[in-house]
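To start, the structure itself, in structure tokens.
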Amino acid sequence: MCTMSLLVLKKSDVASLLSMEKCIELMSDALASLARGDVVLPLRPVIRIPDSRNAFGVMPAYSASLKAIGAKLISVFPDNHGTALDSHQGAVALFDGTNGSLLSLMEAGSITAIRTAAVSGVATKLLARKDARTVAILGSGVQGRTHIDAMMTVRPFTRVIVWSRNPAHAHTLIEAAAKAHRVTFEVSGTAAAAVANADVVCTVTASREPVLEGAWLRDGVHINAVGASLPSTRELDSTAVKRSRVFVDRRESAVHEAGDLIIPMKEGEFAMTDIVAEIGELLIGSATGRRNEQEITLFKSLGIAVEDLACAQYLYDRARTDGVGTLVDF
């Protein structure tokens, strides 16, 4: 019996190998591949931890174009925000799609942080107005930081407004972001004020109830709704959804998991048929995105396993080429 060499990539390895610009490219390719039918992507099973907001999920995928199989095993503990621990922790397991061998284990939190924001970057590039210059970030955790990076990569924003339920966290975020980006940063006292003049809004909170109301939105804005990923939680009220042309990463996932859409459906304010398209369909040209400068566009992001798989395959190839990571007999 032969011994396999398993490549282990820790958090710092992922950070050193995967830039936001490259990740946006990878996510575009992965979502287009999904739209072409090259991906097997079952719904993720999720264990809800009783009497808490915490959850544990398994996200498997197979990609014919990548010739790879993989799964992310991830715990989501929202109350870790503000502590030494990330809210998302776990591992991505990468398998060879031709012979089934286990190739690598990678720290999942760092992959989740960058690929989630990168997908919002793809959506913003496709759906935001070309003259968008002001972005509002609602939330001040890890996704707040990575979404600033992603937004700056796809549009020449000149102003970033951050709102958080904890103003101290918002100030900490902009102090760190200002070291990387030479734009105007502001902390807003309310979410309503933050979005009043925004061209793009990113909701990246752990809230179970709406933090963004449709009445606050001005015409022409693009929204990336990211933070809520359970059927019972949402960051947007029904008016915000009703006012928008809605795009998703994957229809099947959205109608089963996205509280931002499911709750308005139950209220009779939205229907599954109101979903305009998946982002991948825009990428391959089978659907139309923004039609004019006045309409509001909404991308509801859930995060899907093919995104993690695309990152994992790239990271594995780069790490083997660059000699990064730890090889373990397994």
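The values are calculated or read from the model by the stated rules, or taken from the named source; none is laboratory data. Predicted model only: the values in this text are computed from it and were never measured. With ideal geometry, Cβ positions are generated from the backbone for all residues, glycine too; neighbour counts draw on all protein chains shown.
Got a number for residues in region 230-256 being surrounded by 20 or more Cβ atoms within 10 Å (Cβ to Cβ), over 26 Å from Arg129 (Cα atoms) and acidic (Asp, Glu)?
Looking only at that region, the number is 0.
Collect the residues in region 138-163 that are surrounded by fewer than 19 Cβ atoms within 10 Å (Cβ to Cβ), more than 21 Å from Ala118 (Cβ to Cβ) and either touching a helix residue (DSSP H, G or I) at 6+ places or on another chain (Cβ under 7 Å) or not charged (D, E, K, R) (or both), keeping them in residue-number order.
Thr158 - this is the single residue of region 138-163 that is surrounded by fewer than 19 Cβ atoms within 10 Å (Cβ to Cβ), more than 21 Å from Ala118 (Cβ to Cβ) and either touching a helix residue (DSSP H, G or I) at 6+ places or on another chain (Cβ under 7 Å) or not charged (D, E, K, R) (or both).
Of all residues in region 164-187, count the ones that are under 22 Å from Val76 (Cα atoms) and either free of Cβ contacts under 8 Å to residues at least 40 places away in the same chain or in contact with a helix residue (DSSP H, G or I) (Cβ under 7 Å, 6 or more places away or on another chain) (or both). Before the answer, list the steps.
To start, the set of residues in region 164-187 that are under 22 Å from Val76 (Cα atoms) comprises 164-166, 169-170, 173.
Going one step further and asking which of them are either free of Cβ contacts under 8 Å to residues at least 40 places away in the same chain or in contact with a helix residue (DSSP H, G or I) (Cβ under 7 Å, 6 or more places away or on another chain) (or both), we end up with 164, 170, 173.
The number of residues fulfilling the criteria is 3.
Looking only at region 152-209, count how many residues are polar (S, T, N, Q), under 27 Å from Leu230 (Cβ atoms) and assigned to a strand (DSSP E or B).
Number of matching residues: 1.
For region 183-218, which positions are among the small types (Gly, Ala, Ser) and either at pLDDT 95 or above or closer than 16 Å to Met151 by Cβ (or both)?
Residues of region 183-218 among the small types (Gly, Ala, Ser): 188-189, 191-194, 196, 198, 206-207, 214-215.
Matches in region 183-218: Ser188, Gly189, Ala191, Ala192, Ala193, Ala194, Ala196, Ala198, Gly214, Ala215.
Helices (runs of 4 or more DSSP H) wholly in region 235-293 with at least 1 residues that are in contact with a Gly (Cβ under 9 Å, 6 or more places away or on another chain) and under 20 Å from Asp38 (Cα atoms) - which ones?
251-257, 279-283
Name the residue, out of Ile24, Ile47, that is under 30 Å from Met4 (Cβ atoms) and not assigned by TED's automatic domain parsing to the domain that holds Val276. Show your work before the answer.
Working: Ile24 fails: under 30 Å from Met4 (Cβ atoms).
Unique residue meeting the criteria: Ile47.
Can you tell me how many residues within region 280-304 are more than 13 Å from Glu252 (Cα to Cα), of a type in the set (A, V, I, L, M) and in contact with a strand residue (DSSP E or B) (Cβ under 8 Å, 6 or more places away or on another chain)? Write out each step before concluding.
We begin by selecting, within region 280-304, every residue more than 13 Å from Glu252 (Cα to Cα); these are 280-299.
Still in the running and of a type in the set (A, V, I, L, M): 282-284, 287, 296, 298.
Now drop any that are not in contact with a strand residue (DSSP E or B) (Cβ under 8 Å, 6 or more places away or on another chain), which leaves 282, 287, 296, 298.
Total meeting the criteria: 4.
Of the residues Thr205, Thr184, Thr190, which single one is of a type outside the set (A, V, I, L, M) and surrounded by 15 or more Cβ atoms within 10 Å (Cβ to Cβ)?
Working: Thr184 fails: surrounded by 15 or more Cβ atoms within 10 Å (Cβ to Cβ); Thr190 fails: surrounded by 15 or more Cβ atoms within 10 Å (Cβ to Cβ).
So the residue among Thr205, Thr184, Thr190 that is of a type outside the set (A, V, I, L, M) and surrounded by 15 or more Cβ atoms within 10 Å (Cβ to Cβ) is Thr205.
Considering only region 152-163, how many residues are touching a residue at least 60 places away in the same chain (Cβ under 8 Å) and polar (S, T, N, Q)?
In the first step, residues of region 152-163 are kept if they are touching a residue at least 60 places away in the same chain (Cβ under 8 Å); the result is 153-154.
Checking the rest, the ones that are also polar (S, T, N, Q) come to 153.
Matching residues across region 152-163 total 1.
Given the structure, is Glu293 at pLDDT 95 or above, of a type in the set (D, E, K, R) and more than 23 Å from Thr116 (Cα to Cα)? Working first, answer last.
On the way: at pLDDT 95 or above: yes; of a type in the set (D, E, K, R): yes; more than 23 Å from Thr116 (Cα to Cα): yes.
The answer is yes for Glu293.
Within region 294-314, can you find the residues that are part of a loop (DSSP other than H, G, I, E, B), touching a helix residue (DSSP H, G or I) at 6+ places or on another chain (Cβ under 9 Å) and polar (S, T, N, Q)? Talk me through it step by step, then tell me what you get.
The initial filter retains those residues of region 294-314 that are part of a loop (DSSP other than H, G, I, E, B), namely 294-295, 301-304.
Filter once more, so that each one left must be touching a helix residue (DSSP H, G or I) at 6+ places or on another chain (Cβ under 9 Å): 301-304.
Passing the criteria: only Ser301.
Kindly evaluate Glu269 against the criterion of being surrounded by fewer than 23 Cβ atoms within 10 Å (Cβ to Cβ) and at pLDDT 95 or above. Write out each step before concluding.
Details: surrounded by fewer than 23 Cβ atoms within 10 Å (Cβ to Cβ): yes; at pLDDT 95 or above: yes.
The answer is yes for Glu269.
Can you name the residue in region 123-137 that is touching a Gly at 6+ places or on another chain (Cβ under 8 Å) and not in a loop (DSSP other than H, G, I, E, B) and is also surrounded by the most Cβ atoms within 10 Å (Cβ to Cβ) among such residues?
For region 123-137, the residue satisfying everything is Ile137.
Show me the strands (runs of 3 or more DSSP E) entirely contained within region 31-122 in which 3 or more residues are hydrophobic (A, V, I, L, M, F, W, C) and surrounded by 15 or more Cβ atoms within 10 Å (Cβ to Cβ). Walk me through it before giving the result.
Numbers: elements: 46-48, 55-63, 68-76, 88-96, 102-107.
Hits in region 31-122: 55-63, 68-76, 88-96, 102-107.
Could you list, in sequence order, all residues of region 138-151 that are assigned to a helix (DSSP H, G or I) and hydroxyl-bearing (Ser, Thr, Tyr)?
Looking only at region 138-151, we keep the residues that are assigned to a helix (DSSP H, G or I), and these are 142-151.
Residue satisfying the conditions is Thr146 alone.
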